[in-house]
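Comments concern the structure below.
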Amino acid sequence: MPPPIYVFTWTSIIKFGLFNAQDLQVNSCEWFLSTNKTNHRTDVFDNGALILRRGQPFTITLYLNRPLQSGENVTFIVETGPTPSEDMKTRTTFSLFDNADQKSWSSVLTSSNSNALTVAINSPPEAVIGYYILSVSKNTSSTQAVSPQAIGGFYLLFNPWSHEDDVFLGDENERQEYVLNERGVIFTGSETDIVAATWNYNQFEKTILETCFAILDRSINYQSDPGSDVAQRNDPLYVCRVLNATLNSKDENGVLVENWSGFYEDGVSPTSWNGSTAILQSWYFKGYKPVKYGQCWVYGGVLCTVLRCLGIPTRVITNFNSAQDKNANLYIDIFYDSNGSSNGAMQDLMWNFHVWNEAWFARKDLDPAYSGWQVMDATPLEKSDEIYRCGPAPLVAIKEGDVDLKYDVAFMFASVNADFSHWIQFSDGTKKRISNDTRYIGKYISTKAVGSDSRVDITHLYKPPEGSMEERQVFEKAVNKLLESPLVELEKKMLYFKRRGEEKLRRGTILSGSFSLSQVPSLGQDVDIILSLQNLTANHIQVIVNITTASILYTGRHKYEIWADAKIAPLAPNEGKNISIPLTYAQYKKYLGEDNLIRTTALCQVVGEEEHILVEKDIILLKPPITIKGPDHGSMKSALTAEVIITNTLSETMESCVLVVEGGGLINGSVQHDLPPLKPGEKTLVNFLITPFKSGSKTLIAIFSCDKIKNVKTYHHITVAP
C-alpha cells in the first residue's frame with residue numbers, strides 16, 4: 001500500500017531553518033526504488049529504473065542545498081515524448097504547496113527535515129504512458145525559475161489496480177493471471193485433438209519494457225506525427241490498435257514476418273519459438289529488423305507479452321474451425337471441381353485453429369455496455385483502415401452481431417459464426433452448392449484458466465448456443481447490418497444472393513457418407529482410411545466416388561496433392577459399404593509440412609441423380625514420443641537432475657538428431673545436445689543438470705529435431721521455492 005500522506009504547513013517548514021539568498025538546488029534525490037516498485041507491483045521487472053503505475057502516488061525525498069525560505073515553493077515538471085507539450089498533456093507543471101488533486105499531477109509534502117523534503121507525487125489515472133523526465137525549479141510570489149533542474153526519470157504504465165484507470169480489473173486473481181503471470185498455455189491442434197503448448201511471456205525480463213516502447217515508436221503514427229502519437233498513449237484503445245499493426249511487418253518494420261509456406265531456411269520456423277523474449281530481443285538489438293518467422297500463435301504470444309508488460313490485462317484465445325472471410329459476406333465458401341479437388345485460389349479459408357488476443361479495458365468511444373474484453377488479432381490477414389491489423393472489437397458486440405461497430409467486429413464475427421458452404425464448380429463454369437453448415441465454424445473457443453493450466457471453453461462469450469433460435473436471430477441481424485452498410489450495388493446484390501442461412505446438411509436424401517480410421521495414426525506409419533457409404537433408399541444405386549488426399553497447412557490451404565483415385569461403388573437397397581483407402585508412409589512422407597496434416601476428400605455422385613455429397617476428414621499424424629522425467633519441486637540455486645527420453649517410431653533411421661532444452665528461470669538461454677542416429681524402434685536417454693535461479697512455477701521445455709521431423713516438444717513443470 002502507498003505510504004500515508006501528511007500535509008505540512010508553512011509554519012512547520014519555516015521552523016527548520018535558516019534563510020539565505022543562495023539559489024535553491026537539488027543536491028540529490030532518493031527514489032525509494034524498492035518501496036515504490038513494491039507498492040506499484042513493478043518489483044517483478046528485471047530493470048533498475050523506477051517503474052510506476054498511473055493514478056497512484058509514489059514517494060521521493062529531495063535533498064536541497066538549503067532549506068526553503070519564506071515565500072518560496074518547489075515546482076515540479078514532468079515531461080514525456082520527443083516534443084513535450086502542455087496542450088498535448090505530455091508536459092505538466094505543478095507546485096508542492098498547491099492543493100493535491102487525485103485527477104491530475106500533484107504533490108503533497110509528507111515530511112521535512114532541515115534540507116530534506118519527502119514528497120508524495122500523484123499521477124492522473126488518464127496520464128500518458130511512457131518514460132518521463134522529472135525536473136524541479138523554485139518559484140516565489142514574484143518570480144518563476146526559468147531553468148528547471150532535471151533530477152531523474154521513471155516509466156509510467158497502465159494501472160489495472162486503480163478504479164479510475166480504463167484498464168481497471170476488479171478481481172485480484174485475474175490481475176495476477178492476466179497482468180503478472182509470465183508463463184501461459186496456448187492451445188493448438190484441431191477440434192478433435194486439442195494440444196496445450198507452454199508459452200513463456202516473460203514480460204518482465206531485462207530490456208522487454210524498453211522494447212515495448214520502441215515498438216510503439218516504430219509505428220506509422222509515430223513516424224508521421226510523434227507528438228500526437230505520444231499524446232494518445234493515455235488511451236488503451238489507441239495503444240492496442242497501434243500495437244496490432246506494428247507487431248507485424250506488413251506496413252512498417254514491425255516485429256514479426258509472417259510465413260505459412262513451410263520453408264523457413266532464411267529464418268526460424270514458427271514452431272521453434274517457445275516464448276516471446278528471443279523474438280523481442282532479436283528485433284530490438286538488431287536495429288529493429290523484422291524477425292523471421294511468425295504464425296498466429298506466435299503473434300498471440302508476443303502481443304500478450306507486450307500488453308501485459310505495459311499493464312493492460314491480456315489473455316490468449318484459440319478458436320477451432322476458425323473462418324477467414326475474405327469477401328466479408330459472413331459465408332465461408334469452399335469450392336471443388338467435379339473430381340473433388342479443391343480450388344484454393346478463389347476461396348475463403350477455414351483454419352483448423354486460429355489464435356488471437358483479448359485485452360480488458362473500457363470503451364469510451366462506445367456505449368459502456370461494450371467495455372470489458374476487446375478482441376484483437378496481430379496476425380496480418382486483412383487490412384483495417386488501410387493497415388494490416390484487426391480490432392480491438394468488443395467481445396459483447398461479436399456475440400450480439402453488432403458488426404457495424406468499431407473495430408473489425410464483422411471480421412471477428414465471421415471467424416466464429418459464419419456459415420460454412422461447399423460448392424462444386426463444373427467445367428462449364430456453373431456452380432452448385434452441395435452443403436451449408438450453420439454450426440461448424442467456431443468450436444471450443446479456448447483460453448487458459450485463471451490460476452491453473454486447464455483449458456476453459458469460452459465459446460458462450462462469443463455466440464449463443466449453436467442451433468438455438470437466438471443464434472440464428474443474431475446471424476440474421478449481422479447480415480442485415482452488412483446490407484445497410486454503404487456498399488456498392490453489385491456487392492449488395494451479391495449479399496442478397498447469399499442470404500441462404502438455412503441448414504443444408506452434408507448428408508443427402510439418397511446417400512450419406514463418413515470417414516473413419518482403423519487406429520490413431522502416427523508419423524512414419526501407414527494410414528488405413530475407411531470411407532463408409534450408406535444407401536438411404538429402397539432402390540439399387542451406383543455411386544461415383546472421387547477421392548483425393550493432400551497435405552494441408554493448419555490454415556486449411558492445400559500444400560501438395562498426395563494421391564487421387566476414382567471408384568464406382570454399387571449399393572443395394574439400404575446397404576452400407578466400407579471402402580478401404582490405404583495411404584502408405586512412402587506415399588506421404590515427402591509431402592508433409594510441420595503441421596503433419598493430411599486432408600482426405602471424397603466427392604460422391606449418385607449416377608443418374610443430381611445428388612452430390614462431400615465427405616472430408618483432416619488427419620493429424622502423431623509425432624514420435626518424447627518425455628521428460630524430473631522432480632516437480634526444487635529450490636533456487638540447488639541443482640536438479642532431469643532426463644529426456646526419445647523413441648523412434650518411424651520405419652527408418654533418424655539422422656542429424658538434436659535435442660534443445662530450455663526453461664525460463666531454470667536455464668540461462670538454452671542447452672543443445674547433438675545425438676547419434678536413432679534406428680527404428682530405438683530409444684535414447686539424455687540426462688542433464690539444471691540449477692533454478694528464479695522462484696515460482698517454471699517450465700522445462702525439451703525440443704527434438706532430426707532430418708525426418710522438426711520441433712517435437714514436451715514440457716515438465718517445476719515449482720521452485722525461494
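The values are calculated or read from the model by the stated rules, or taken from the named source; none is laboratory data. Note that this is a predicted model, so its numbers are computed, not measured. As a convention, Cβ positions derive from the backbone with ideal geometry for all residues, glycine included, and neighbour counts pool all protein chains shown. Accessible surface is based on the protein model in full, side chains and every heavy atom, while ligands, DNA and RNA are left aside. Shrake-Rupley method; radii C 1.70, N 1.55, O 1.52, S 1.80 Å.
Structure summary
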{"read-out": "Of residues in the range 30-42 being of a type outside the set (Val, Ile, Thr) and exposed (fewer than 15 other Cβ atoms within 10 Å of the Cβ), the one farthest from Phe76 (Cα to Cα)", "value": "Ser34"}
{"read-out": "Unmet requirement for Leu366, which otherwise passes all of (1) at pLDDT below 95; (2) over 24 Å from Thr318 (Cβ atoms)", "value": "(1)"}
{"read-out": "Odd one out for Asn221, checked against (1) in a loop (DSSP other than H, G, I, E, B); (2) open to solvent by 10 Å² or more (accessible area, probe 1.4 Å)", "value": "(1)"}
{"read-out": "Any pair with Cβ under 8 angstrom, 6 or more apart, that starts in the range 552-563 at a residue that is in contact (Cβ under 8 Å) with a residue 40 or more places away in the chain and ends at one that is in a loop (DSSP other than H, G, I, E, B) and among the aromatic types (Phe, Trp, Tyr)", "value": "Leu553/Trp260; Thr555/Trp260; Arg557/Trp260; Lys559/Tyr591"}
{"read-out": "Of all residues making up the range 671-714, the number that are of a type outside the set (Val, Ile, Thr) and within 30 Å of Lys590 (Cβ to Cβ)", "value": "21"}
{"read-out": "Scope the range 73-83; condition farther than 26 Å from His163 by Cα, part of a strand (DSSP E or B) and not hydrophobic (A, V, I, L, M, F, W, C); matching residues", "value": "Asn73, Thr75"}
{"read-out": "Subset of the range 663-691 (residues that are loosely packed, with under 15 Cβ neighbours inside 10 Å and either part of a loop (DSSP other than H, G, I, E, B) or acidic (Asp, Glu) (or both))", "value": "Asn668, Gly669, Asp674, Pro676, Pro677, Lys679, Pro680, Gly681, Glu682, Thr691"}
{"read-out": "Failed condition for Ser322, given (1) open to solvent by 10 Å² or more (accessible area, probe 1.4 Å); (2) touching a helix residue (DSSP H, G or I) at 6+ places or on another chain (Cβ under 9 Å); (3) hydroxyl-bearing (Ser, Thr, Tyr)", "value": "(1)"}
{"read-out": "Members of the range 43-61 found to be surrounded by fewer than 21 Cβ atoms within 10 Å (Cβ to Cβ) and part of a strand (DSSP E or B), listed by number", "value": "Thr59, Thr61"}
{"read-out": "Count of the range 429-448 residues which are under 30 Å from Asn200 (Cα atoms) and open to solvent by less than 10 Å² (accessible area, probe 1.4 Å)", "value": "5"}
{"read-out": "Unmet criterion (only one of (1) out of contact with any Pro (no Cβ under 7 Å at 6 or more places or on another chain); (2) open to solvent by 40 Å² or more (accessible area, probe 1.4 Å)) for Asn329", "value": "(2)"}
{"read-out": "Near pairs, Cβ below 6 angstrom, 6+ apart or cross-chain, from the range 443-455 (assigned to a loop (DSSP other than H, G, I, E, B)) to any residue that is surrounded by 15 or more Cβ atoms within 10 Å (Cβ to Cβ) and acidic (Asp, Glu)", "value": "Val450/Glu174; Val450/Glu177"}
{"read-out": "Entirely in the range 84-132, the strands (runs of 3 or more DSSP E) that have 1 or more residues that are surrounded by 16 or more Cβ atoms within 10 Å (Cβ to Cβ) and in contact (Cβ under 8 Å) with a residue 40 or more places away in the chain", "value": "106-113, 116-122"}
{"read-out": "Some residue of the range 468-481 being surrounded by fewer than 20 Cβ atoms within 10 Å (Cβ to Cβ) and under 24 Å from Asn352 (Cβ atoms)", "value": "yes"}
{"read-out": "Residues (open to solvent by 30 Å² or more (accessible area, probe 1.4 Å) and either free of Cβ contacts under 8 Å to residues at least 24 places away in the same chain or outside any strand (DSSP E or B) (or both)) located in the range 178-198", "value": "Leu180, Asn181, Glu182, Glu191, Thr192, Val195"}
{"read-out": "Filtered residues of the range 272-295 (kept if in a helix (DSSP H, G or I) and under 15 Å from the mean Cα position of the chain (by Cα))", "value": "Thr277, Ile279, Leu280"}
{"read-out": "Residue in the range 33-40 that is of a type in the set (A, V, I, L, M, F, W, C), at pLDDT 90 or above, closer than 27 Å to Ser162 by Cα and in a loop (DSSP other than H, G, I, E, B) present", "value": "no"}
{"read-out": "Members of the range 236-269 found to be assigned to a loop (DSSP other than H, G, I, E, B) and crowded, with 20+ Cβ neighbours inside 10 Å, listed by number", "value": "Leu247, Ser249, Gly254, Val255"}
{"read-out": "Residue among Phe426, Phe411 that alone is buried (at least 19 other Cβ atoms within 10 Å of the Cβ), in contact (Cβ under 8 Å) with a residue 60 or more places away in the chain and closer than 23 Å to Ile334 by Cα", "value": "Phe411"}
{"read-out": "Search result, residues across the range 393-408 that are assigned to a loop (DSSP other than H, G, I, E, B), in contact with a helix residue (DSSP H, G or I) (Cβ under 8 Å, 6 or more places away or on another chain) and open to solvent by 10 Å² or more (accessible area, probe 1.4 Å)", "value": "Asp402, Val403, Asp404, Leu405, Tyr407"}
{"read-out": "Residues (in a strand (DSSP E or B), open to solvent by 20 Å² or more (accessible area, probe 1.4 Å) and either under 18 Å from Ala410 (Cα atoms) or of a type in the set (Ser, Thr, Tyr) (or both)) located in the range 351-392", "value": "Trp373, Lys383, Ile387, Tyr388"}
{"read-out": "Residue within the range 338-349 that is on the phi > 0 side of the Ramachandran plot and of a type in the set (A, V, I, L, M, F, W, C) present", "value": "no"}
